[in-house]
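Participant: Here it is, the structure in full.
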């Protein structure tokens, strides 16, 4: 992502960041956040010798994007995270003087190696750093940058972010790398490179190029730059129906838009697409995702939940940016990606509260037994054609503030819609309250398996494998804890279970420099 390399006027310094951050009522408690300051893209996501490593774009000096470092956290269960020493710090001079931007971690013959974008002025070029055996300490390669310029003869919009993998076996094995970019006047792209040693790279060409001539307002507009490209295969047996996914985040003129992915086949030096899909219906609230295959064979993905309040509010709070809950990504029956929270998150559940099956009232029923701002809710609904079901969250006693998750089935019964109404989620006129929505796949019986995770301002919704992520900022957070259900038309509530979620972090300040 791109922001100005100067701090906003009046931004507080690092003094007090770690102390202010835990006091903010909008700060999530079971999503990962940095100790204070700024957080954006997940980086270097990996499962190394039984330990999950999450690196991330980090500014420990202010809740603003400036001279980005690499923060680092570890976990053995994807739920509880321990802060580790800051992995990368911008140099006093050299190719990453103005920031160590996004990248990946690879295993180079047993040596942990980071490939990242070094920012120097307006240049963003690939750099390399080697790590200690425990991945806590890193040494930058003195030959950085390892690619000294973008491809010659191409008018690019930008050149940054990396996807690196080892391809082939034995003497024929090579490193391959995608660098996110865009061709001016054409569209976003991912440039393919090849190397024997991660240091000397040969340019191959564009793997795939989008079409920026689309309407910028479209929810699947592919942008003028592809940020944070991620290429992976789901299913190992091509004949058994494996699919390749090329994930990217659409960017244009300094604005982050939304994450998308192509399905298709990666072969040789090209990606042949079969379809373009929205990865998360929340748009920029699940941005710059990165994935890894863990030691259990699962494809684990995390993304960055941007803020929906003003820069001034972030600065006063002392922190900015949330990491999504880890997701397991699998191949859906329709050929797209199915997303679900990792099952390990159930470790945080308290006592289950069950709502009896039945048919929700056509108007609205508040559920007094289900209350809170840290919740995990699972429900199964069946919708007749033309029916709509609503789940109300974070409601104040007078109903002035409320957030509504809505699932509906079209009258022709062939399709459905998942919609998040945030219009009354906050009485603060400065926060983003735009609704979010997307298509909901439905079986002929109209079944919807809905899971909603509420963590103060962070909201993640999963419906029949589709995801919608957003932020909400009630002005009366201590009162906005009500939950209710309602329906229009014929809706059967087959199951409704809710749990209070424990915090994964203490409320004590965490060191900005672990």
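Just so you know, all these numbers are worked out from the coordinates, no wet-lab data involved. Source: prediction; values computed, not measured. Here the Cβ is made from the backbone with ideal geometry for all residues, glycine too, and neighbour counts use every protein chain on show.
Participant: I'd like to know how the range 371-423 sits against the 2.2 N^0.38 Å rule of thumb: what's its Cα Rg over that expected value?
Facilitator: For the range 371-423, the normalised Cα radius of gyration comes out at 1.31.
Participant: Starting with the highest mean, order 225-231, 361-367, 487-493, 174-180 by the number of other Cβ atoms within 10 Å, averaged over the residues of each peptide.
Facilitator: So the order, starting with the most tightly packed, is 225-231, 174-180, 487-493, 361-367.
Participant: Quick one, which of [x] 30, 28, 25; [y] 45, 25, 24; [z] 37, 27, 21 is the actual semi-axes √(5λ) of the Cα gyration tensor in Å calculated for this model?
Facilitator: Correct label, based on the coordinates given: [z].
Participant: Mind ranking 246-253, 25-32 by how tightly packed they are, going by the mean number of other C-beta atoms within 10 angstrom, highest first?
Facilitator: Highest mean packing first, the order is 246-253, 25-32.
Participant: Another one. Hey, rough spin-label estimate for residue 107 and residue 194, points 7 angstrom out along Cα→Cβ, what's it come to in nanometres?
Facilitator: According to this spin-label approximation, the distance is 2.4 nm.
Participant: Within 10 Å, count the other beta carbons around each residue, average over each peptide in 80-91, 500-511, and list them highest first.
Facilitator: Packing proxy ranking, top to bottom: 80-91, 500-511.
Participant: So what's the gap between the Cα centers of the range 365-379 and the range 258-325, to the nearest angstrom?
Facilitator: One Cα centre to the other: 27 Å.
Participant: At 222 nm, what value in deg cm²/dmol follows for the chain if DSSP H runs of at least 4 each add -39500 (n - 2.57) and the sum is divided by all its residues, to the nearest 500?
Facilitator: -500 deg cm²/dmol
Participant: Mind pulling the per residue volume of the convex hull built on the Cα atoms of the range 205-343? Å³ is fine. Before the final figure, lay out the partial values.
Facilitator: Working: hull volume 19.8 nm³, N = 139.
Dividing the Cα hull volume of the range 205-343 by its residues yields 142 Å³.
Participant: With N set to the residue count of the range 145-260, report its C-alpha Rg divided by 2.2 N^0.38 Å to two decimal places.
Facilitator: 1.13
Participant: Next up: For the range 349-501, just list the percent of Cα-Cα distances falling in each 10 Å bin from zero outward, please.
Facilitator: 12, 44, 36, 9, 0
Participant: Sticking with this structure for a sec: Could I have the simple spin-label model distance between residue 369 and residue 312, label points 7 Å from Cα toward Cβ, reported in nm to one decimal?
Facilitator: Between residue 369 and residue 312, the label points sit 4.6 nm apart.
Participant: With a cut-off of 8 Å between alpha carbons and a minimum separation of six or more residues, what is the relative contact order of the chain in percent?
Facilitator: It rounds to 15 percent for the chain.
Participant: Continuing with the same structure: With labels modelled as points extended 7 Å from the Cα through the Cβ direction, what inter-label distance (nm, one decimal) is found for residue 19 paired with residue 167?
Facilitator: Here the modelled spin labels are 5.3 nm apart.
Participant: To the nearest 0.05, how large is the calculated FRET efficiency for residue 293 and residue 155 if R₀ is 45 Å and r is the Cβ-Cβ distance?
Facilitator: Details: r = 36 Å, r/R0 = 0.79.
That gives a FRET efficiency of 0.80.
Participant: Return the FRET efficiency for the residue pair residue 443, residue 398: r is the Cβ-Cβ distance, R0 is 45 Å, and the value is rounded to the nearest 0.05.
Facilitator: Efficiency for this residue pair is about 0.70.
Participant: Further question on the same structure: Given the Cα-Cα distance of residue 476 and residue 92 and 0.36 nm per residue of separation, how much length would full extension add, in nm?
Facilitator: This chain segment gains 133.8 nm when fully extended.
Participant: What FRET efficiency, computed as 1/(1 + (r/R0)^6) with R0 = 22 Å and r the Cβ-Cβ distance, is obtained for residue 218 and residue 274, rounded to the nearest 0.05?
Facilitator: Numbers: r = 19 Å, r/R0 = 0.88.
Efficiency, rounded to the nearest 0.05: 0.70.
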